[in-house]
Amino acid sequence: MQNSGFYRDLSSAKFWRSPMKKGPRTSATIMVLLFLLVAVWISSSWINSTTLAVSNERKQQMIVSTPQRNSAKRKIEVSLNCSLGNLTQTCPSNYPTTFGFTETDDGLSNVTCPDYFRWIHEDLKPFKSSGITRDMVERAKGTAHFRLVIVKGKVYVEKYKKSIQTRDVFTLWGILQLLRRYPGRLPDLELMFDCDDRPVIQSRSHRGPNAKAPPPLFRYCGDPWTLDIVFPDWSFWGWAEINIKPWENILKELKDGNNRIKWMKREPYAYWKGNPFVADTRKDLLKCNVSDKEDWNARLFIQDWIREYEQGYKQSDLASQCTYRYKIYIEGYAWSVSEKYILACDSPTLLVNTNFYDFFLRSMQPVHHYWPIRNDDKCRSLKFAVDWGNSHKQKAQAIGKAASDFIQEELKMEFVYDYMFHLLYEYAKLLRFEPKIPEGAMEICSETMACHSNGTEKKFMLESLVKSPSENSPCSLPPPYEPLVLGAFLRRKANSIRQVETWENNFYESLENGSKSKTS
């Protein structure tokens, strides 16, 4: 293009003359003119190329310095402020409650929450028609450990009594992390929380036309006869007293632990390790241990937590306990925290039929996610389960993998937070009063809880600290179960359990008939 431009300029030059007869002077003149024209052309080309380079450089600078509409949002980090100025243990005056969050057009995520989120609607159903009044909340105070109030994104707590160990501490810590993850997203609310094991709001006390509406009480588990609202337990942020790490960290370790020993090379028995003295059903389980007289295919061990503490918890590493082909889950005084760690192992879980459930177990199916074990005939049921699994290895491995995949994919920490968010959000929508900060209540934040703590408690708080708000909205809450759909779901669970019991009965009947034929 530069050459063609040069010839166009040359053809219109004023000094152009028609060819003359060549002579010494004329030739010299022509040579000088050609030299000058070439020089001009080279100079022009250099200037143009330099100008183009400078122009391109400026364009690049503009691209770098100009914010792009579709570029990724800058991630905002909010560190823990434990400076000397915070020795009074008060929350920072400018503590952010809405920092860095930009909603999408509708505020909803295109990710649908796991199916167990539907139980949020079921847990709140007793309050749908009446709503939740202040009187109802006050009636839940009888067994509560604390009242939680959220007003304008800030958290206040009125404590009534100390919980077992640090259950209340890490439950409150988890709620604070939820607000750091989704700042400014929760409406004002007020609730009562009970940190003990067993649910207490009896449904039979709130039936009939003249019965009072039940008081809303949050806790870690429920059962078919109560109306307590089920909330994720404290151990998701760590169980300091027995050195169980926060869930986000230990979930990775459990996944790695599954890969250490292939399923076929694991001990072909059912394994359980725990404290049998918290419930009669666990004491009964110990009768199924191997002995000189009988082998029920179970290997059962008593966990001595005092010795574990003295020895640095070397024998209680959860990620190192997938060494048996089958693992037993049995409730304690109520539901047990151990449930999620056992299900995370890709050895099939032999789940002793339970009365209590946590927030996610209700969506897991027998024979698909776990193998049901009779509570009233544990030993024979365990023996049959292990024999069946060792005879149907591929099916047994599929059950273990289904549970492990469920825990890894549908119970990761982001979904735990989303469950908390939707439960509290839907609960707040039912309030028929304005939440207010009680006299004597304390404002809490991550600083007031973590800065003055020490040891394992502080270590776990720092490990589970949410350092920046989520760049995504919470997952989209699925709709409630239709009554017919829920009924069919529950019948399918019951039928699966009955099917296994029928297989067991047929198995032992055939053994008995075989032994009778030999003796006759």
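Numbers below:
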quantity: Failed criterion for V157 (all others in (1) more than 23 Å from the chain's Cα centre (by Cα); (2) closer than 21 Å to D358 by Cβ hold); calculated: (2)
quantity: Region 135-188 - residue that is among the charged types (D, E, K, R) and touching a strand residue (DSSP E or B) at 6+ places or on another chain (Cβ under 8 Å) and, of those, nearest to E471 (Cα to Cα); calculated: K154
quantity: Of all residues in region 120-164 being over 17 Å from L431 (Cα atoms) and among the aromatic types (F, W, Y), the one that is surrounded by the most Cβ atoms within 10 Å (Cβ to Cβ); calculated: F146
quantity: Residue list for region 266-300, filter: among the aromatic types (F, W, Y) and either touching a Pro at 6+ places or on another chain (Cβ under 9 Å) or at pLDDT below 95 (or both); calculated: F277
quantity: Single condition K340 does not satisfy, out of (1) out of contact with any Pro (no Cβ under 8 Å at 6 or more places or on another chain); (2) assigned to a loop (DSSP other than H, G, I, E, B); calculated: (2)
quantity: Filter result (within 26 Å of the chain's Cα centre (by Cα) and not small (G, A, S)) within region 377-411; calculated: Q397, I399, K401, D405, F406, I407, Q408, E409, E410, L411
quantity: Qualifying positions in region 467-492 - of a type in the set (S, T, Y) and over 17 Å from H422 (Cα atoms); calculated: S468
quantity: Residues located in region 451-469, provided they are surrounded by 19 or more Cβ atoms within 10 Å (Cβ to Cβ) and small (G, A, S); calculated: S464
quantity: Exclusive hit being under 26 Å from the mean Cα position of the chain (by Cα) and either closer than 19 Å to I261 by Cα or among the β-branched types (V, I, T) (or both), set I302, I306, I330, I373; calculated: I330
quantity: Residue in region 192-203 that is of a type in the set (D, E, K, R), in contact with a strand residue (DSSP E or B) (Cβ under 9 Å, 6 or more places away or on another chain) and crowded, with 20+ Cβ neighbours inside 10 Å present; calculated: yes
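The values are calculated or read from the model by the stated rules, or taken from the named source; none is laboratory data. Keep in mind it's a predicted model, so treat the numbers as computed, not measured. Note that each Cβ is placed from the backbone with ideal geometry, even for glycine, and that neighbours are counted across all protein chains shown.
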